[in-house]
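The values are calculated or read from the model by the stated rules, or taken from the named source; none is laboratory data. Quantities reported herein were computed from a predicted structural model and do not represent experimental measurements. Using ideal geometry, Cβ is built from the backbone for each residue, glycine included, and neighbour counts are taken over all protein chains shown. Protein only, heavy atoms only, side chains kept; ligands, DNA and RNA dropped before computing areas. Shrake-Rupley method; radii C 1.70, N 1.55, O 1.52, S 1.80 Å.
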Amino acid sequence: MCGIIGYVGNNNASKIILDGLKMLQYRGYDSVGVAFHGGQNVNIYKCVGKVEDLENSLGNIPSFTCGFGHTRWATHGSVSYKNAHPHDFGNVVLVHNGIIENYKDLIEEFNLKDILKTTCDSEVAAALLNYYYDGNPFSAINKLIKKIEGTYSFVIMFKDIPDSLFAFRKVSPIVVCKKEREVLLASDLMPLSLMSDRYFVLPEESILFVNKNKTTLYDLNNNVIESELKTIDWKADQFDKKDFPFFMEKEIVEQPDCVYKTINKRIVDGLISFNGDNFDESILKEIDSVEIIACGTSYHAGLVGKAMFEKHALVKTNVSLASEFIYAPKVFSKKPLFIGISQSGETIDTIEAIERVKNLGYPTLGIINVKDSSLSRICDYTLYTDAGPEIAVASTKAYTCQLALLYLLAFSCGLQRKVLDENKVRSLIDELLKLPELMKQTIDKRNEYHLLTKNYLNHKDLFLIGRGLDYLTLLEGALKIKEITYIHAEAYASGELKHGPIALIENSMPVLALITQDDLILKESSNIKETRARGAKVLVIIKENLLPQLNQNIDTIVIPNCIDDFVVFVGVVILQILAYYIAIDKGYDVDKPRNLAKVVTVE
Ligand code: AGP
């Protein structure tokens, strides 16, 4: 979950590394550190806090041409100065992203207990590498790789090898960008985009050596190997916050455009085509079930996807939390299609679950935002969302783009399975293409919704209630509220209230109700009355045509009319906006909520 960056070249390494670390901070931001090779010695600077704190404390440091940096999300060892990376042990200085699972055994085996200075698994790797190092970095790294278990990416300096970096990895990513006499490597593409649009992914079971004059990739038998150069699609200015106070607001505002792009490029002659994705939709004809696997927001998108597959393609669909999937009994239908959904494509639980079913011989499809991410390299097919870089930890535009792809897949599956005919699919596509404009109208009114959030600022708990698709939308809304406002927000299927949760309603408790489904208004209206009768202060988000039937004197946010199946796109935008303004008014750093990281690479 940490971010790593390394640089060797003729320019000022400290500026490049600090700027790059700022772009990687969404991966973790509890402490930060950098190391520069000064020829005779290695200079290490670190602090608890964010990159900006380190930058301020550094002042004017000399200009170096080789160095690396690390922004941490603590796993092993508390958040402290000594546990911040880089780790310095003997001849070795390193940064690490991932987890060394057998670090305790290694401490025992190599008798390290009394000589380690930190409680980090990463320092154990540094100690071991130093133990193996006898002047030959490659044989030392090779021995280390054979000893450690877990997932990792490492960038390493040896104190007696000036101006050079070494890197290797397992699962956790490292991408590398090379220009004449200049090399930049990092945990993801964002910082690389500052230098070039060409990069390669460091292969597993290889060791990268870089200095100013050469960048060489070796396999574990010391043979030089080639890497495949790829092109970064995202432009450097997409990583810019522009005039928005937070990335989250920028990303909310970008949604209509991203959703439009995700849909429109897959519409050919009025019908859905995944040819541009190298995915032959006739595969959808053969399947007898869909198994969706994901975490967090991507899981919530999967729940809506299930509703669409079951309604429009009449295909049984299950949705599993990736972290639970590995423990579940494996009873699948004869011809399932597994779909892994992930914004980052680096979520370790999703990767492991999809890897498992792939190894069992099942077809796998990824719905992913980040190109060439680890999950996309595992899946048989990948459909990329066109959300562009999502930097705020709270996912917004990735979710609505995931929905867009799931809807397209469900309709296409319906057509392949002859549940839908071409005319019906064309009319569904027409409706889908109206959504970006409806989302935009809603987003343009965001200042009005802001006024309604004042009621929530001083409450510790918030209920969100709804039925059917509304309940699924609220699950995502509750996650947004939890992660950025720290209010304990729970979504409940309204019908379940009387089975327990209503016991928690007390005077003045805030409740948010979502009503967008024509056939559910009467039942939902009763549920709202039940909570109000117990003192709840209810705000209703309601589709325009249902307003007369609500018939209660109550605060409302009105959603423009659209077909029930599609309202999720608009409803969720309102919930994102409410969460955003509550967090802002509480004075929180919306983009970097406490305890969280954007990319979850630990189980
Ligand atoms: C969303 O707001 C969260 N930050 C989180 O739940 C996220 O969706 C989850 O970690 C899955 O990430 P992925 O889509 O990159 O796999």
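Classify segment 459-518 as rounded, prolate or oblate, taking a ≥ b ≥ c as the square roots of the eigenvalues of its Cα gyration tensor: rounded when a/c is under 1.5, otherwise prolate if a/b is larger than b/c and oblate if not.
Values: a/c = 1.96, a/b = 1.13, b/c = 1.74.
Oblate is the answer for segment 459-518, as a/c is 1.5 or above yet b/c matches or exceeds a/b.
In nm, what is the difference between 0.36 nm times the number of residues separating Lys434 and Arg532 and their Cα-Cα distance?
Details: separation 98, 0.36 × 98 = 35.28 nm, distance 3.52 nm.
Full extension of this stretch gives 31.8 nm more.
Would you please give the FRET efficiency between Asp160 and Glu226, computed as 1/(1 + (r/R0)^6) with r the Cβ-Cβ distance and R0 = 35 Å, to the nearest 0.05? The partial results should precede the final answer.
Working: r = 29 Å, r/R0 = 0.83.
It comes out at approximately 0.75.
Any idea what the alpha-carbon Rg over 2.2 N^0.38 Å comes to for segment 192-292? Mind dumping the intermediate values first?
Numbers: Rg = 20.6 Å, N = 101, 2.2 N^0.38 = 12.7 Å.
In units of the globular-protein estimate, segment 192-292 measures up at 1.62.
To the nearest 10 degrees, how steeply does helix 568-585 sit against the main Cα axis of the chain, on a 0 to 90 scale?
The angle comes out near 60 degrees.
Taking the Cα centre of the chain as origin and charging only Cβ (+1 Lys, Arg; -1 Asp, Glu), how large is the dipole, in debye to the nearest 20? Walk me through the intermediate numbers first.
Working: 66 positive and 77 negative charges, 81 e Å.
That gives a dipole near 380 debye.
Can you list the chymotrypsin sites (Phe, Trp or Tyr not before Pro) in segment 148-188 that are in a DSSP coil and have 15 or fewer other beta carbons within 10 angstrom? All intermediate terms of the calculation are to be shown ahead of the outcome.
Numbers: sites: Tyr152, Phe154, Phe158, Phe166, Phe168; in loops: none.
Passing sites in segment 148-188 do not exist.
Starting from the coordinates of the alpha-carbon atoms of segment 163-247, obtain the Kirkwood hydrodynamic radius over all distinct pairs and give the value in Å to one decimal. Walk me through the numbers on the way to the answer.
Numbers: mean 1/r = 0.0719 Å⁻¹.
Result for segment 163-247, one decimal place: 13.9 Å.
Here is the link list: Lys316/Lys480; Lys454/Lys543; Lys15/Lys214. Which ones come out longer than 24 Å on Cα distance? Mind showing how you got there, number by number?
Numbers: Lys316/Lys480 29 Å; Lys454/Lys543 22 Å; Lys15/Lys214 22 Å.
Beyond 24 Å: Lys316/Lys480.
Expected output is a single nm value to one decimal: the length gained when fully extending between Ser206 and His488, i.e. 0.36 nm times separation in residues minus the C-alpha distance. What is it?
On the way: separation 282, 0.36 × 282 = 101.52 nm, distance 4.53 nm.
Full extension from Ser206 to His488 adds 97.0 nm.
Would you mind giving the three semi-axes, in whole Å and largest first, of the ellipsoid equivalent to the chain according to its Cα gyration tensor? Before the final figure, lay out the partial values.
Numbers: eigenvalues 401, 151, 96 Å².
Computed over the chain, the values are 45, 27, 22 Å.
Given a 1.4 Å probe and every protein chain left where it sits, what share in percent of the accessible area of the chain is carbon and sulfur?
Numbers: 11080 of 23260 Å².
So the carbon and sulfur contribution to the accessible surface is 48 percent.
Assign one of three labels to segment 233-335, namely rounded, prolate or oblate, based on the Cα gyration tensor with a ≥ b ≥ c the square roots of its eigenvalues; rounded applies when a/c is under 1.5, prolate when it is not and a/b is larger than b/c, and oblate otherwise.
It is oblate, given that a/c is not under 1.5 and a/b is not larger than b/c.
Determine the per residue accessible area of the chain with all protein chains present and a 1.4 angstrom probe, expressed in square angstrom. Write out the running numbers ahead of the final one.
Values: 23260 Å² over 603 residues.
Roughly 39 Å² per residue, with all protein chains present.
Based on the Cβ-Cβ distance of Lys454 and Asp114, what FRET efficiency does E = 1/(1 + (r/R0)^6) give at R0 = 45 Å, to the nearest 0.05?
Efficiency, from the Cβ-Cβ distance: 0.20.
Which residue, Gly500, Asn369, Leu189, has the largest displacement toward the positive end of the dipole of the chain when charges sit on each Cβ (Lys, Arg +1; Asp, Glu -1)?
Selected residue: Gly500.
How many percent of Cα pairs in segment 321-433 exceed 24 Å? Intermediate values should be presented prior to the final figure.
Working: 2096 of 6328 pairs.
Across segment 321-433, Cα pairs with separations above 24 Å total 33 percent.
Give the distance, in whole Å, between the Cα centre of segment 566-585 and the Cα centre of segment 87-114.
Segment 566-585 and segment 87-114 have Cα centres spaced 44 Å from each other.
Can you give the direction-averaged projected area of the convex hull of the alpha-carbon atoms in segment 413-503, in nm²?
On the way: hull surface 35.2 nm².
One quarter of the hull surface, i.e. the mean projection, equals 8.8 nm².
For the pair Asp288 and Val558, what calculated FRET efficiency results from E = 1/(1 + (r/R0)^6), where r is the Cβ-Cβ distance and R0 = 35 Å, to the nearest 0.05? Kindly include the intermediate steps, with their values, before the conclusion.
Working: r = 41 Å, r/R0 = 1.18.
Once rounded, the FRET efficiency stands at 0.25.
Name the residues whose placed amide hydrogens come within less than 5 Å of the amide hydrogen of Asp555, ignoring near sequence neighbours (fewer than 5 apart) on the same chain.
Close amide H contacts, sequence-distant or interchain: Val540.
Step through the table entries Lys104/Lys146; Lys235/Lys440; Lys50/Lys82; Lys179/Lys235; Lys311/Lys498, compare each Cα-Cα distance with 21 Å, and write down the pairs that go over it. Walk me through the numbers before you get to the answer.
Details: Lys104/Lys146 16 Å; Lys235/Lys440 23 Å; Lys50/Lys82 15 Å; Lys179/Lys235 17 Å; Lys311/Lys498 28 Å.
Among Lys104/Lys146; Lys235/Lys440; Lys50/Lys82; Lys179/Lys235; Lys311/Lys498, the Cα-Cα distance tops 21 Å for Lys235/Lys440; Lys311/Lys498.
Quick one: divide the alpha-carbon radius of gyration of segment 445-589 by 2.2 N^0.38 Å and tell me what you get.
Values: Rg = 13.8 Å, N = 145, 2.2 N^0.38 = 14.6 Å.
Expressed relative to 2.2 N^0.38 Å, the Cα Rg reads 0.95.
From the backbone phi of segment 466-478, what are the Karplus-calculated ³J(HN,Hα) couplings (6.51 cos²θ - 1.76 cosθ + 1.60, θ = phi - 60°) in whole Hz, Gly and Pro given as x?
Once θ is set to phi - 60°, the couplings for segment 466-478 become x, 10, x, 4, 4, 4, 5, 5, 5, 4, 5, x, 5 Hz.
With every atom except the alpha carbons ignored, what do you get for Rg and Dmax of segment 3-237, in angstroms?
Every Cα atom of segment 3-237 included, Rg and Dmax give 16.3, 50 Å.
Quick check for me: using +1 on Lys/Arg Cβ and -1 on Asp/Glu Cβ, what's the dipole size of segment 445-589 about its Cα centre, in debye to the nearest 20?
Working: 15 positive and 18 negative charges, 84 e Å.
In debye, rounded to 20, segment 445-589 gives about 400.
Starting from the Kirkwood Rh over alpha-carbon pairs, what translational D in µm² s⁻¹ does segment 509-599 have by Stokes-Einstein at 10 °C and 1.306 mPa s?
108 µm²/s
Can you quote the Å³ per residue value for the convex hull of the Cα atoms in segment 418-460, rounded to an integer?
Values: hull volume 4.3 nm³, N = 43.
Per residue, the Cα convex hull of segment 418-460 comes to 100 Å³.
Which value at 222 nm does the chain reach when only helices count, each DSSP H run of 4 or more adding -39,500 (n - 2.57), with the total divided by all residues and rounded to the nearest 500 deg cm²/dmol? All intermediate terms of the calculation are to be shown ahead of the outcome.
Values: 19 runs with 216 residues, N = 603.
The per-residue figure over the chain is -11000 deg cm²/dmol.
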